[in-house]
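Chemist: Sharing a structure, written as structure tokens. Questions coming.
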There are 4 protein chains.
Amino acid sequence: MRHSTNLLRRCAAEAIGTCLLLVAIVGSGIMGERLAGGNVAIALLANTTANGAALVALILTFGHISGAYFNPVVTLANASRGGISWRDVSAYTTAQTAGAFAGVAAAHVMFGLPLYFASSQERSGGRLIFSEFVATFGLLSVIWGCTRLRSVVVPFAVAAYIVAAAWFTSSTSFVNPAVTLARAASDTFVDIRPADAPGFIIAQLAGAFAATYLFRWLVPALPKHATAVVVPHDEKIGF
Amino acid sequence: MRHSTNLLRRCAAEAIGTCLLLVAIVGSGIMGERLAGGNVAIALLANTTANGAALVALILTFGHISGAYFNPVVTLANASRGGISWRDVSAYTTAQTAGAFAGVAAAHVMFGLPLYFASSQERSGGRLIFSEFVATFGLLSVIWGCTRLRSVVVPFAVAAYIVAAAWFTSSTSFVNPAVTLARAASDTFVDIRPADAPGFIIAQLAGAFAATYLFRWLVPALPKHATAVVVPHDEKIGF
Amino acid sequence: MRHSTNLLRRCAAEAIGTCLLLVAIVGSGIMGERLAGGNVAIALLANTTANGAALVALILTFGHISGAYFNPVVTLANASRGGISWRDVSAYTTAQTAGAFAGVAAAHVMFGLPLYFASSQERSGGRLIFSEFVATFGLLSVIWGCTRLRSVVVPFAVAAYIVAAAWFTSSTSFVNPAVTLARAASDTFVDIRPADAPGFIIAQLAGAFAATYLFRWLVPALPKHATAVVVPHDEKIGF
Amino acid sequence: MRHSTNLLRRCAAEAIGTCLLLVAIVGSGIMGERLAGGNVAIALLANTTANGAALVALILTFGHISGAYFNPVVTLANASRGGISWRDVSAYTTAQTAGAFAGVAAAHVMFGLPLYFASSQERSGGRLIFSEFVATFGLLSVIWGCTRLRSVVVPFAVAAYIVAAAWFTSSTSFVNPAVTLARAASDTFVDIRPADAPGFIIAQLAGAFAATYLFRWLVPALPKHATAVVVPHDEKIGF
């Protein structure tokens, strides 16, 4: 009973957080492209600035409620080390995916576009798959590596990594299956063709798996729970 | 007596802080537009960088004096939870609005423009109203969600959110009735037509209300006072 | 004896820090202008990014040695409240000015320009003077307001303010007499005509004076020493 | 035995961290140049944003494992003060150099380029050598100056310095022999001609030496170990 209310709240936090994250990704992509006068680098600069800034704010906002994963792959990595129970994983990933689709729709409404429309942006080929592997390997390394710091700067490290990875990978770093699926329903600056989504998701899972096992060896005393936000004085969540 | 001196100081802090915030918003909007050679994305990049940076500095500067709300909607949300007494609300919102108009005038003087001149920028339609609702819902979520952290990084989270929201909303995120009114008196990069201001303000109130009630349910143990800055060791303000 | 070694070290820190700050301001101004292809907003974006980033690094580096003022006006404001003794003020301001001129020369050498050459950039008129007054008023407000936080985030607040002020003032915020004099010896992106320097410096002194007196009233319990960096556990400097 | 496992882990952290850093430097250089439509300032803005953001994330991730030097010159400076034993220096520098070359190759693969190809970018002449000296002098000043703070903000100071230095030096601040060698194997935005590498490396060593000796005098009580990341409560690394 108590656990179910608790889980409902945590899933609401994951859904709302992932929703606002997708609003930020898709909305700033549309705005950046419309204003940039054809210069794609300026559009991407605006898009990555908005994504990184939104991530800082959202992780700090929802981190102490649900962990602020906003990402099925991060949820699975935590489950593999006991940081979240396996029975909560499906509720989390469902909430994240639903939130991601809601966020895409909200951004489309704001900018006067149809709710959903399939993307036509081809993102295929071995080097993009490799790129997603590297990007997600890096993300999980940052998460596992920083989690020991137990510091409020960790959300800044995660957001900084995401900003950098959007620039240093040829796939622009989706690193998140829920985000990948939802962006396949948007034919805008940040989209991906549905047919290319499965390859991206497999690469993301593989990258996360590799980083999780690497850090098991690198830091044997690693905490079980990779969370970015720690409430001061180890205070428990209030419900 | 003591309370009235105290309130005078707090209102002075709100007025000066909101004034400097508007100087930053309007001044950087003018400067960005003048230098950007017609590329609106570059002008908005400059404008949002300046706004976010100013917000970090001003919240850290005035937070421990007045709470550094700079925003009637944030003031009301705090009053609804008992974080500020209802009798102080009108003094606060008056100070914020007066400060906002003074800031617009100061920016206009710096850049050789008339003190005030009505804006002609149309910002109307349901999707802009929806956009302001989402933007203010997000802002109050960040404020209520982060306030539990009691950390000096909270002003960075608020500023990061504002930078992101300027890019991911089609209304460029006014999120503040005092700012909305004052920007209606400026026919520059960041302006809004006076006729469109009421719709924006109603959407801002609705968004703030929704987020405040959501977080009452999400985090029952939420502190009553949503303040971004906490003086170390719970030290009280010195007067 | 001991005091003189101590003062020598502190002045060396002020000189080296101000030198590196001017290298950053002048060097990034030249680089930004050369690469920006005529778009002044992009050049200023590069210049302000570099200035803000350098300031964060330099205040954190030299703050616990000398206070990291790098600015005669900040030095005087501290002396007026007893944060630095009046007999040290002339040594500090001499070190800052010498460092500023050395920094301009170093930047010129790096970029293949003559050591010094008088600027021809006119920056005169009442609104630029007003602009410098506002900019320095804001800077000293941030310094006095944040100094109570005793937190490592204060250098970030100061740097964020400087980035914002470069965009929201029509004078691009010199806010520093040593910087104003040294930039008069550089005919590059960031220069000022020698004849216009005195007006700027008087406005800077007036702005600093106004903010210092305002904060005396706003925060009666303000610490005497406005320093951005506090070594943890109130540990004294090691010499 | 125990030391050798420990050293293997630390070298793995240095290698992986330096690898990801070079992926960020080279990858974002390629991406920025491809998208910037010929405006070099926009490409460099993207490149430096990605480098700074990656550095924040990577230092926080690997700092508590290996110190996160990612740089032979920083390794030597630490050894000169006893912060790392001399017998570990060659293992560290080998790991850093190998990681740097792997990172260049990974970036090339992602973007569909040959694994390695010699650079043709001439970077020679006294003012570039002087520029590298200044850049590395500044970097080591920041590291030695900030190390006393024992704060999680130090990685932000180091990254901020690197962003600034890329803009204020005419050599764009390589400041790292491993990075210099690896970038000589890349004919992209961030490359250097192999023939020019030795001059750069000598200047880097001289700059690091000068800053290390300066801070010995400036701060006699300086800790022996210049590390950016300190695990809270002086907790030792868990192996």
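The values are calculated or read from the model by the stated rules, or taken from the named source; none is laboratory data. No experiment lies behind these values; they were computed from the predicted model shown. Please note: Cβ atoms are built from the backbone with ideal geometry, for glycine as well, and neighbour counts cover all protein chains shown.
Chemist: Condition test on B:VAL134, is it out of contact with any helix residue (DSSP H, G or I) (no Cβ under 6 Å at 6 or more places or on another chain), at the interface with chain A (Cβ under 8 Å from one of its Cβ atoms) and touching a residue at least 24 places away in the same chain (Cβ under 8 Å)? Steps first, answer last, please.
Modeler: Details: out of contact with any helix residue (DSSP H, G or I) (no Cβ under 6 Å at 6 or more places or on another chain): yes; at the interface with chain A (Cβ under 8 Å from one of its Cβ atoms): yes; touching a residue at least 24 places away in the same chain (Cβ under 8 Å): yes.
The answer is yes for B:VAL134.
Yes/no matrix, rows are residues, columns are (1) touching a residue at least 12 places away in the same chain (Cβ under 8 Å); (2) out of contact with any helix residue (DSSP H, G or I) (no Cβ under 6 Å at 6 or more places or on another chain); (3) more than 7 Å from every other protein chain (Cβ to nearest Cβ):
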| residue | (1), (2), (3) |
| --- | --- |
| C:CYS11 | yes, no, yes |
| C:ALA36 | no, no, no |
| C:ILE42 | no, no, no |
| C:ARG81 | yes, yes, yes |
| C:TYR92 | yes, no, yes |
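Chemist: Sticking with this structure for a sec: Which of the following residues is touching a Lys or Arg at 6+ places or on another chain (Cβ under 9 Å) and closer than 30 Å to D:GLU132 by Cβ: C:VAL104, C:VAL158, C:VAL163, C:VAL152? Outline the logic, then answer.
Modeler: Numbers: C:VAL158 fails: touching a Lys or Arg at 6+ places or on another chain (Cβ under 9 Å); C:VAL163 fails: touching a Lys or Arg at 6+ places or on another chain (Cβ under 9 Å); C:VAL152 fails: touching a Lys or Arg at 6+ places or on another chain (Cβ under 9 Å).
None of the others qualify; the one that does is C:VAL104.
Chemist: A further question on this structure: Any residue in region A:162-170 that is more than 27 Å from D:GLY112 (Cα to Cα) and of a type outside the set (A, V, I, L, M)?
Modeler: Pass one, region A:162-170, residues more than 27 Å from D:GLY112 (Cα to Cα): none.
No.
Chemist: If you don't mind, another one. Can you tell me which residues in region D:144-174 are in contact with a Phe, Trp or Tyr (Cβ under 9 Å, 6 or more places away or on another chain) and closer than 15 Å to D:ASN71 by Cα?
Modeler: Across region D:144-174, the qualifying residues are D:TRP144, D:SER173, D:PHE174.
Chemist: On the basis of being farther than 26 Å from D:ALA166 by Cα and under 17 Å from the mean Cα position of the chain (by Cα), does C:TYR92 make the cut? Steps first, answer last, please.
Modeler: Numbers: farther than 26 Å from D:ALA166 by Cα: yes; under 17 Å from the mean Cα position of the chain (by Cα): yes.
It is true that C:TYR92 is farther than 26 Å from D:ALA166 by Cα and under 17 Å from the mean Cα position of the chain (by Cα).
Chemist: Take the residues of region D:53-64 that are at pLDDT 95 or above, within 7 Å of another protein chain (Cβ to nearest Cβ) and out of contact with any Asp or Glu (no Cβ under 8 Å at 6 or more places or on another chain): which is nearest to A:THR48 (Cα to Cα)?
Modeler: Keep residues of region D:53-64 that are at pLDDT 95 or above, which gives D:53-62.
Remaining after also requiring within 7 Å of another protein chain (Cβ to nearest Cβ): D:53-54, D:56-57, D:60-62.
From what's left, out of contact with any Asp or Glu (no Cβ under 8 Å at 6 or more places or on another chain): D:53-54, D:56-57, D:60-61.
Values: D:ALA53: 11, D:ALA54: 13, D:VAL56: 16, D:ALA57: 16, D:LEU60: 21, D:THR61: 21 Å.
Across region D:53-64, the extreme among qualifying residues is D:ALA53.
Chemist: Now for a separate question. I need the full set of residues from region C:143-157 which are more than 13 Å from the chain's Cα centre (by Cα) and not charged (D, E, K, R), in order please.
Modeler: So in region C:143-157, the residues more than 13 Å from the chain's Cα centre (by Cα) come out as C:144-154, C:156-157.
Across region C:143-157, the qualifying residues are C:TRP144, C:GLY145, C:CYS146, C:THR147, C:LEU149, C:SER151, C:VAL152, C:VAL153, C:VAL154, C:PHE156, C:ALA157.
Chemist: Residues that are modelled with pLDDT of 95 or more, touching a Gly at 6+ places or on another chain (Cβ under 8 Å) and aromatic (Phe, Trp, Tyr): does region D:137-144 have at least one?
Modeler: For region D:137-144, residues modelled with pLDDT of 95 or more, touching a Gly at 6+ places or on another chain (Cβ under 8 Å) and aromatic (Phe, Trp, Tyr): present.
Chemist: Report the residue count in region C:158-174 for those that are facing chain B (nearest Cβ under 7 Å), of a type in the set (S, T, N, Q) and either under 12 Å from the mean Cα position of the chain (by Cα) or surrounded by fewer than 24 Cβ atoms within 10 Å (Cβ to Cβ) (or both). Reasoning before the result, please.
Modeler: Step one: list which residues in region C:158-174 are facing chain B (nearest Cβ under 7 Å), which gives C:160-161, C:163-164, C:167-170.
Right, trim to of a type in the set (S, T, N, Q) and you get C:169-170.
Next, only the ones that are either under 12 Å from the mean Cα position of the chain (by Cα) or surrounded by fewer than 24 Cβ atoms within 10 Å (Cβ to Cβ) (or both) stay: C:170.
Here the count works out to 1.
Chemist: May I ask you to say which residue of B:GLY112, B:GLY125 is more than 29 Å from C:PRO155 (Cα to Cα), of a type in the set (Gly, Ala, Ser) and facing chain A (nearest Cβ under 9 Å)? So that I can check it myself, show each step before the final result.
Modeler: On the way: B:GLY112 fails: facing chain A (nearest Cβ under 9 Å).
Only one candidate passes the filter, namely B:GLY125.
Residue-wise test of (1) under 27 Å from D:GLY17 (Cβ atoms); (2) within 12 Å of chain D (Cβ to nearest Cβ); (3) surrounded by fewer than 15 Cβ atoms within 10 Å (Cβ to Cβ); (4) at pLDDT below 85.
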residue	(1), (2), (3), (4)
A:VAL190	no, no, no, yes
A:ALA195	no, no, yes, no
A:LEU205	yes, no, no, no
A:ALA210	yes, yes, no, no
A:ARG216	yes, yes, yes, no
A:LEU222	yes, yes, no, yes
A:ALA228	yes, yes, no, yes
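Chemist: How many residues, within region A:137-152, are at the interface with chain D (Cβ under 9 Å from one of its Cβ atoms), buried (at least 23 other Cβ atoms within 10 Å of the Cβ) and farther than 17 Å from A:TRP167 by Cβ?
Modeler: 8
Chemist: Could you run through region B:162-209 and say how many residues are assigned to a helix (DSSP H, G or I) and polar (S, T, N, Q)?
Modeler: The initial filter retains those residues of region B:162-209 that are assigned to a helix (DSSP H, G or I), namely B:162-168, B:177-183, B:194-209.
So of that shortlist, the ones also polar (S, T, N, Q) come out as B:180, B:204.
Of the residues in that region, 2 qualify.
Chemist: State yes or no: is C:ALA106 under 30 Å from D:PRO155 (Cβ atoms), more than 14 Å from chain B (Cβ to nearest Cβ) and not β-branched (Val, Ile, Thr)? Step through it out loud before you land on a result.
Modeler: Values: under 30 Å from D:PRO155 (Cβ atoms): yes; more than 14 Å from chain B (Cβ to nearest Cβ): yes; not β-branched (Val, Ile, Thr): yes.
Judged against the criteria, C:ALA106 is a match.
Chemist: Filter region C:175-187 down to residues that are farther than 17 Å from C:ALA206 by Cβ and in contact with an Asp or Glu (Cβ under 9 Å, 6 or more places away or on another chain) and give me whichever is surrounded by the most Cβ atoms within 10 Å (Cβ to Cβ).
Modeler: Once the filter is applied, the top-ranked residue is C:ARG183.
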